[in-house]
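Contents: one structure, followed by commentary.
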Amino acid sequence: MNILLAINNLGTGGAETFFCQQARALAEKGHKVFIWQVFYPIFNHQYQEVLNHKNISNFEFSKEDTEFLSRESNEIRRIWVKHKLRRKINSLKIDLVNSHLFETDYFISTSVNLPHVISMHGSYEMYYHNRDVYVKDSYYGSCDFDELLTRIFKKSNYIITAAQKNEETIFLHPKAPPHEMIYYGKNKINVLNKSKTIRNIGMISRGIESKGWNILIQSFKQISQTNKDIRLTLGYTDSPYMEKLKEENEGVVNINWIRNVTDLSCFYKDLDLFVFPTLYPAESLPNVIIEALAFHVPVISTNIGEIPNMLSSKDGFAGIVMSKNYNEGEMVENLRFEIENLILKPINYIRIKNQCESAFDKFNLSENIEKYLSVYNLVLSRND
């Protein structure tokens with residue numbers, strides 16, 4: 001099968017990480033995969049190794065064409081698509097396109113006459129909550145959010161969601177195509193970390209305020225007053241916000257700041273506890289939690305998106321889920337309590353750590369890619 005995987009660009013994020021893992025898994029199963037960064041392509045070193053496969057190729061246009069595509073109006077864009085995009089797709093004998101993220105889903109749905117599967121991420125909620133800002137953009141023309149969804153759903157053949165809240169977006173729309181929920185995936189890791197106590201706490205994410213960085217730092221500062229041996233490692237993407245936060249906490253001992261982490265294995269393998277107090281409104285299926293579970297690292301996070309279900313296992317939870325319905329000061333105190341409870345009562349820590357392997361089972365990459373392929377084959381059979 002010749003598959004075109006399309007996404008806005010390969011910046012840092014959970015959707016982008018899964019996109020690359022998906023491309024690699026499909027390529028390893030013998031399919032020819034073309035990856036297309038539709039808007040402003042980015043060369044991201046963290047994805048270089050996973051995308052290095054003989055069956056993976058870049059689906060590229062010139063820099064001038066890409067810039068033209070990103071700025072021009074709908075009508076001009078359609079003309080550009082007819083003369084260049086469709087010709088390129090036909091020359092490569094693409095069987096199906098699988099798009100990721102709202103902007104690319106919209107672009108493919110309104111521009112390409114090809115079997116189309118959408119992988120829905122939290123960007124839909126981001127557009128919904130900020131629709132007055134985004135929808136007025138000339139790229140979409142003058143229409144409301146429901147009209148945008150209608151345009152997307154009308155021309156797509158199938159939607160794969162990653163979280164229950166994605167499903168709710170679809171259920172509310174009368175034009176929604178067939179859909180089902182399939183989680184992201186990751187290859188299983190042989191784990192050597194058998195720690196029975198907490199010494200190393202960590203968090204890795206994008207360097208934006210709503211991911212909860214300050215909540216964790218303020219909790220850690222309180223915890224470290226009575227637990228001098230506890231260390232905190234923060235892996236973040238470079239941003240003015242994180243530089244300001246680092247400067248404000250420059251004198252705090254036992255915090256290790258790592259900018260633009262490239263070796264995830266090195267980051268996770270020494271952690272005893274992963275903390276992710278996110279308040280990000282578009283949080284869907286955070287890839288960082290999947291990675292933590294893969295390394296058998298239990299998680300403390302917030303009740304947002306799919307996180308509670310991510311941490312569930314056959315016999316309990318591989319972590320602790322905190323309510324997000326508090327102010328920042330209350331969340332700092334709640335997080336401090338939960339972490340100290342695990343430090344002071346190792347039996348509670350061991351209990352949630354022992355659930356990590358079972359909780360991770362639902363994210364088996366090979367099994368979930370087979371589910372994707374079943375959807376592809378179903379869509380192709382209906383388009384014969």
Test set (1) of a type in the set (Gly, Ala, Ser); (2) modelled with pLDDT of 90 or more; (3) crowded, with 19+ Cβ neighbours inside 10 Å - SER91 fails condition number: (3)
Qualifying residues in region 310-340 (those that are over 26 Å from HIS121 (Cα atoms) and polar (S, T, N, Q)) - the one modelled with the highest pLDDT: ASN334
Tally of residues being within 27 Å of the chain's Cα centre (by Cα), more than 23 Å from ASN214 (Cα to Cα) and among the hydrophobic types (A, V, I, L, M, F, W, C) across region 330-360: 4
Answer residue from region 198-242, given it is assigned to a loop (DSSP other than H, G, I, E, B) and among the small types (Gly, Ala, Ser) and is surrounded by the most Cβ atoms within 10 Å (Cβ to Cβ) among those: GLY212
Criterion violated by TYR268 - all others in (1) in contact with a helix residue (DSSP H, G or I) (Cβ under 8 Å, 6 or more places away or on another chain); (2) buried (at least 18 other Cβ atoms within 10 Å of the Cβ); (3) modelled with pLDDT of 95 or more satisfied: (3)
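Listed here are the residues, each with its yes/no results for (1) surrounded by fewer than 18 Cβ atoms within 10 Å (Cβ to Cβ); (2) farther than 19 Å from TYR183 by Cα.
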| site | (1), (2) |
| --- | --- |
| ALA292 | no, no |
| ASN309 | yes, no |
| GLN355 | no, no |
| ASN364 | yes, no |
| ILE369 | no, no |
| ASN377 | yes, no |
| ASN383 | yes, yes |
Scope region 283-309; condition in a helix (DSSP H, G or I), closer than 21 Å to MET126 by Cα and touching a strand residue (DSSP E or B) at 6+ places or on another chain (Cβ under 7 Å); matching residues: VAL288, ILE289, ILE307, PRO308
Residue pairs meeting the criteria (Cβ under 7 Å; at least 6 apart or on separate chains; first at pLDDT 95 or above, in region 373-384; second acidic (Asp, Glu)): LEU380/ASP95
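Given the options LEU96, LEU101, LEU69, name the one that is buried (at least 18 other Cβ atoms within 10 Å of the Cβ) and at pLDDT below 80.
Working: LEU96 fails: at pLDDT below 80; LEU101 fails: at pLDDT below 80.
The conditions single out LEU69.
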Residues of region 320-329 that turn out to be in contact (Cβ under 8 Å) with a residue 40 or more places away in the chain and within 21 Å of the chain's Cα centre (by Cα), as a count: 2
Counted residues, region 146-199 - those being at pLDDT below 85, closer than 28 Å to ILE352 by Cβ and among the aliphatic types (A, V, I, L, M): 3
Residue that is nearest to ILE56 (Cα to Cα), among those in region 1-36 that are touching a strand residue (DSSP E or B) at 6+ places or on another chain (Cβ under 6 Å) and of a type in the set (Val, Ile, Thr): VAL33
Condition check for LEU271: among the aliphatic types (A, V, I, L, M), assigned to a loop (DSSP other than H, G, I, E, B) and more than 16 Å from GLU328 (Cβ to Cβ): yes
The lone exception for LEU273 - which of (1) within 28 Å of LYS345 (Cα to Cα); (2) modelled with pLDDT of 95 or more; (3) out of contact with any Pro (no Cβ under 7 Å at 6 or more places or on another chain) it fails: (3)
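The values are calculated or read from the model by the stated rules, or taken from the named source; none is laboratory data. Small disclaimer: the values here were computed from a predicted structure and weren't measured. Cβ: placed from backbone, ideal geometry, glycine included. Neighbour counts: every protein chain shown.
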